[in-house]
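Engineer: What follows is a single structure, and I will ask about it in a moment.
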Amino acid sequence: MMTSTLTISSKNYSSWSMRGWLMMKIAGIPFDAVIKAPDDADARAEILLLSPSILVPCLTYEGRRIWDTLAIGEFLQEIAPNSGLLPKDQYQRAHCRAICGEMHSGFSSMRSALPMNIKAHFPNFKIWSKAKADIDRITEIWRDCIESHGGPYLFGALSMADAMYAPVATRFKTYDVKLDPVSQAYCDAVLAWDAVQEWMGAAVCEQEEIEELEVEF
């Protein structure tokens, strides 16, 4: 039986790798993770926002390669349609795709000001206005989804949207971002998700460090 593989980079620093990995967990597709070291050129460019996320993560399934996190999610939905990656309701599927698209292409100020670093913790971190605007939009999305679908996840049960926003929850924890009660409850639920706990446990054991992301600025 052919084994699927997911090529990822650092579990501590790579938000896109985390998203693809969580989607695989929701889909329930057995896979092996192939980890590129942070000093690999493609992995480093992705982590430091020097290029789009093109090659990492990359799913190899039955000998075919699928890259870009949203493309991986849509492919997994096709081969595992009952996994819940996308909601069953047509409107909810469209809504899920819309907020995943926002995460995929937006929030650049938040990404650059609050780079993912699971091992770090910066209490009372200064958040500049452009990043704050991104955070406000993200929490607006979360509150709207929780109000519409009842929680604890964005569409009730785990979905592709939770995989897309899970790295944001780790950022909010790292940088001590103060949240409204609904958004904090959602963050807590995501961080308690077994798959996220597994990822974070591996992240804190990583030895490699990227100097640019270890400076408290």
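The values are calculated or read from the model by the stated rules, or taken from the named source; none is laboratory data. Just so we're clear, the structure is a prediction, and the values are computed from it rather than from any experiment. With ideal geometry, Cβ positions are generated from the backbone for all residues, glycine too; neighbour counts draw on all protein chains shown.
Engineer: Those residues that are of a type outside the set (S, T, N, Q) and either touching a His at 6+ places or on another chain (Cβ under 7 Å) or surrounded by 15 or more Cβ atoms within 10 Å (Cβ to Cβ) (or both), I need them from region 89-101; list them, please. I'd like the intermediate steps shown before the answer.
Structural biologist: In the first step, residues of region 89-101 are kept if they are of a type outside the set (S, T, N, Q); the result is 89, 91, 93-101.
The answer is R93, H95, C96, R97, I99, C100.
Engineer: Go over the candidates I141, I135 one by one and state the one that is in a helix (DSSP H, G or I), in contact (Cβ under 8 Å) with a residue 24 or more places away in the chain and surrounded by fewer than 22 Cβ atoms within 10 Å (Cβ to Cβ).
Structural biologist: Exactly one residue qualifies, and that residue is I141.
Engineer: Only one of these is over 22 Å from W21 (Cβ atoms) and outside any helix (DSSP H, G or I): N82, N124, N117. Name it.
Structural biologist: Working: N82 fails: over 22 Å from W21 (Cβ atoms); N117 fails: over 22 Å from W21 (Cβ atoms).
Just one listed residue meets the conditions, N124.
Engineer: Can you tell me which residue within region 89-113, out of those that are modelled with pLDDT of 95 or more and in a loop (DSSP other than H, G, I, E, B), is farthest from W142 (Cα to Cα)?
Structural biologist: That would be D89.
Engineer: Quick test for you: out of F107, F122, pick the one residue that is more than 18 Å from the chain's Cα centre (by Cα) and of a type outside the set (D, E).
Structural biologist: Details: F107 fails: more than 18 Å from the chain's Cα centre (by Cα).
Testing whether each residue is more than 18 Å from the chain's Cα centre (by Cα) and of a type outside the set (D, E) leaves just F122.
Engineer: Please go through region 144-165 and give me each residue that is surrounded by fewer than 16 Cβ atoms within 10 Å (Cβ to Cβ) and within 20 Å of V177 (Cβ to Cβ), ordered by number.
Structural biologist: Pass one, region 144-165, residues surrounded by fewer than 16 Cβ atoms within 10 Å (Cβ to Cβ): 144, 147-148, 150, 157.
Answer for region 144-165, where residues must be surrounded by fewer than 16 Cβ atoms within 10 Å (Cβ to Cβ) and within 20 Å of V177 (Cβ to Cβ): just D144.
Engineer: Run M116 past the list (1) surrounded by fewer than 18 Cβ atoms within 10 Å (Cβ to Cβ); (2) under 23 Å from G201 (Cβ atoms); (3) touching a helix residue (DSSP H, G or I) at 6+ places or on another chain (Cβ under 9 Å); (4) not acidic (D, E) and report the number of the one that doesn't hold.
Structural biologist: (1)
Engineer: Any idea which residue in region 67-88 is modelled with the highest pLDDT, counting only those that are among the charged types (D, E, K, R) and surrounded by 12 or more Cβ atoms within 10 Å (Cβ to Cβ)? Break it down into steps so the answer makes sense when it comes.
Structural biologist: As a first pass, look at region 67-88 and keep what is among the charged types (D, E, K, R): 68, 74, 78, 88.
Filter once more, so that each one left must be surrounded by 12 or more Cβ atoms within 10 Å (Cβ to Cβ): 68, 74.
Numbers: D68: 90, E74: 97.
So the residue we want is E74.
Engineer: Give region 57-76 a look and list any residue that's of a type in the set (A, V, I, L, M, F, W, C) and assigned to a helix (DSSP H, G or I), or say none. Spell out the reasoning first.
Structural biologist: Narrowing region 57-76 to residues of a type in the set (A, V, I, L, M, F, W, C): 58-59, 66-67, 70-72, 75-76.
Across region 57-76, the qualifying residues are L70, A71, I72, F75, L76.
Engineer: Also, quick follow-up: Would you pick out the residues in region 110-137 that are touching an Asp or Glu at 6+ places or on another chain (Cβ under 7 Å) and closer than 20 Å to D180 by Cβ?
Structural biologist: M110, P123, N124, F125
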